[in-house]
Each structure stands twice: as C-alpha cells, then as structure tokens.
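Shown next, in structure tokens, is the structure this report addresses.
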Amino acid sequence: MQMPYSVIKAPEEIEVIREGGVILSRILGEVVGLVKPGITTGEIDKLAESRMREAGGEPSFLGYKTRASDRPYPTTLCTSINHEVVHAPAAPNRTLKDGDVIGLDIGLRYQGYCTDMAVTVGIGKISKDAGRLIAVTRDALFRGLETVRPGGFVGDIGRAVQTYVEKNGFSVVRDLVGHGVGKNVHEEPRIPNYFDPKARPVKIEEGMVLCIEPMVNVGKFAVVTLPDGWTIATADNSLAAHFEVTLAVTKGGYEILTPLPV
Ligand code: MF3
Ligand code: CO
C-alpha cells in the first residue's frame, strides 16, 4: 500500500533514513563477503533477512507489489545473475558458480522509512569484459551523482550516466529508472539513466531523498521480463550490471546515505 508522502523530507526524517542506510550498508557488506562459488542465493537471502530483523528493521522488497495486479515480491534480496539485469528473486536451489556476475539489490524499512542500494560483484575469476562492465557501471553511478545539487535537474543525472556508459561501448537500460524513496519503496521523481529531451524538466531540491541506480548492458538496452513475472533480463542475453545508492540532496550537493561496501 502506498503511504502519503512529501518529496521533500524534513531533517528529522533524513536522520532516520541515514540510520537505516548505515544498517543497510553493513548488511550488504556482509552479504558481499559471503558470495562465493557453491553458496545459494537462498542462503544469502535468509542471512540478509535475519540481520534486518536483528537490527529492528524489516525487508522492504519482501511482499512488495509495483502494481495492484502484481504477485508480491518473494524475497529480501534481488539476486540477478549474468544476463539478468534486476529483480531476480533469491532461490534455495540457485547456486553461484565461478565466473558469475551477480547484482545484489537490497531494501530495508527502518522506523517507517525505506533505503535501497545495490552492487554488482564477480564470483571467483570473471572475464575481462565482465570486470570492465562492473567498473563502468559503478563509475557511471558516480558520474550521475556528481550532477546532483539543489537547482539542478533530474535529467542531468541520466545525461551524465548515459554519456559515460555509451563512451565505454555499453548501453543503459531505459525501461527501469531510479526514484525517490521514503515511507514508500518507490516515490516521485522518476530518475531515468538516459536523457530524454522530450521529458518535462524536474528540478532537484534540498531535502529530496533519491535512489540513483544505473543498469548497464554489454549489448543492447532492450530488456524482457522472465516468466517468473519479476526477473528483468537483457533481450539479447548479454551481461548486465547494476549499482544503486540512496542519497539526500543537501544545500551544497548530496550526501550518500547508503555507502557502497565495494
Ligand atoms: N532497487 C530496486 C528498485 O528500485 C528494487 C525493487 S525490488 C522490488 O526497483 F521487489 F521491490 F520491486
Ligand atoms: Co531502487
């Protein structure tokens, strides 16, 4: 259920989100430390969920519906492997193997407020292309972040991400976007990772709390939804990567509320 919200958060709300963000980064760091050949995505999912509850929070993705018609999201983590871009549910029978690339996306609800973050890591020894994809996607996130300041525009973020990614020969997913965050997993504004000259310009203001999350494909930008109804994969089966942080817009620019563990 959507909760009413304001896109501008009060300092007290940002303080709570900051606390949640610290907890979330610590948990994601622990998850990253566990991923190795032989472990299942189900195992790391259980660990993440227990850690959230121990910290006094709860998984924000578990049970989430994008639209009323959706099936509720089944797990705490999204564990998207290789050509899977985002939103692949964890599964007890899904074992990681040497050479895999896994996107680990995690969302916490803490004292009523959500935080959301993701990293992509290699399992064992990965290909040179895979290593470059991960590095470019991470750097693209920071290119986007560096544009964030009050008075700037949401479109500046996507322009910076897209320019950097395409210069490196990869493509930016268009069907999924970053977003505001707060009492809800997804709030306004939408934050595309590409520049759409036809889009209405949206001004960035102090007090916004935003999730910026470039999704980058080695091949073309088109994606498909797999039959499970959740997993988004590249249409051409090429490798994909995803990084995400939650940030607050400050007077001077931005503050990352979910520091990346890698
Ligand atoms: N970071 C992802 C997003 O913002 C995670 C959402 S998973 C879902 O889309 F299950 F909650 F949809
Ligand atoms: Co998100």
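Taking the criterion of being away from ligand 2 (no atom under 16 Å from the Cβ) and either aliphatic (A, V, I, L, M) or open to solvent by less than 10 Å² (accessible area, probe 1.4 Å) (or both), the residues of the range 117-130 that qualify are 121, 123, 126, 130. Can you tell me which residues in the range 240-261 are in contact with a helix residue (DSSP H, G or I) (Cβ under 6 Å, 6 or more places away or on another chain) and open to solvent by 10 Å² or more (accessible area, probe 1.4 Å)? Hits for the range 240-261 are 259, 261. Within the range 203-220, identify whether any single residue is in contact with a Gly (Cβ under 8 Å, 6 or more places away or on another chain), more than 21 Å from residue 21 (Cβ to Cβ) and surrounded by fewer than 23 Cβ atoms within 10 Å (Cβ to Cβ), and answer yes or no. Looking for residues that are in contact with a Gly (Cβ under 8 Å, 6 or more places away or on another chain), more than 21 Å from residue 21 (Cβ to Cβ) and surrounded by fewer than 23 Cβ atoms within 10 Å (Cβ to Cβ), one finds at least one in the range 203-220, hence yes.
Between 242, 179, the distinction of being in contact with a strand residue (DSSP E or B) (Cβ under 9 Å, 6 or more places away or on another chain), touching a residue at least 12 places away in the same chain (Cβ under 8 Å), within 19 Å of residue 13 (Cα to Cα) and not charged (D, E, K, R) belongs to 179 only. The set of residues from the range 182-201 being of a type in the set (D, E, K, R) and either touching a residue at least 60 places away in the same chain (Cβ under 8 Å) or away from ligand 2 (no atom under 12 Å from the Cβ) (or both) comprises 183, 187, 188, 196, 198, 200. Among the residues of the range 27-50, those that are over 25 Å from residue 126 (Cα atoms) and open to solvent by 50 Å² or more (accessible area, probe 1.4 Å) comprise 46, 50.
Any residue at all in the range 131-139 that is within 24 Å of residue 218 (Cα to Cα), within 16 Å of ligand 1 (Cβ to nearest atom) and surrounded by fewer than 21 Cβ atoms within 10 Å (Cβ to Cβ)? Yes, there is a match, as at least one residue in the range 131-139 is within 24 Å of residue 218 (Cα to Cα), within 16 Å of ligand 1 (Cβ to nearest atom) and surrounded by fewer than 21 Cβ atoms within 10 Å (Cβ to Cβ).
One residue is enough: does the range 187-195 have a residue meeting the conditions closer than 20 Å to residue 86 by Cα, open to solvent by less than 30 Å² (accessible area, probe 1.4 Å) and among the polar types (S, T, N, Q)? Within the range 187-195, one or more residues are closer than 20 Å to residue 86 by Cα, open to solvent by less than 30 Å² (accessible area, probe 1.4 Å) and among the polar types (S, T, N, Q). In the range 69-136, counting only strands (runs of 3 or more DSSP E) that sit wholly within it, the ones holding 1 or more residues that are farther than 18 Å from residue 233 by Cα and in contact with a Gly (Cβ under 9 Å, 6 or more places away or on another chain) span 101-110, 113-122. Under the condition of being within 14 Å of residue 216 (Cβ to Cβ) and open to solvent by less than 50 Å² (accessible area, probe 1.4 Å), the residues counted in the range 140-157 number 3. Of the strands (runs of 3 or more DSSP E) lying entirely inside the range 173-246, those containing at least 1 residues that are within 11 Å of ligand 1 (Cβ to nearest atom) are 178-180, 187-191, 209-212, 215-217, 232-234, 240-242. Of the residues making up the range 158-180, those that are open to solvent by 10 Å² or more (accessible area, probe 1.4 Å) and aliphatic (A, V, I, L, M) are 160, 176, 177. Among the residues of the range 247-262, the one identified as of a type in the set (S, T, N, Q) and assigned to a loop (DSSP other than H, G, I, E, B) is 258.
Applying a threshold of 8 Å to beta carbon distances and a minimum spacing of six or more residues, or different chains, the list of pairs starting in the range 98-123 at a residue that is touching a residue at least 24 places away in the same chain (Cβ under 8 Å) and on the phi > 0 side of the Ramachandran plot and ending at one that is surrounded by fewer than 24 Cβ atoms within 10 Å (Cβ to Cβ) and of a type in the set (Val, Ile, Thr) reads 99/123; 99/126; 111/16; 112/16.
The values are calculated or read from the model by the stated rules, or taken from the named source; none is laboratory data. Computed from a predicted structure; not experimentally measured. Ideal geometry is used to build each Cβ from the backbone, glycine not excepted, and the neighbour counts take in all protein chains shown. The accessibility values were calculated without ligands, DNA or RNA, using every heavy atom of the protein model including side chains. Shrake-Rupley method; radii C 1.70, N 1.55, O 1.52, S 1.80 Å.
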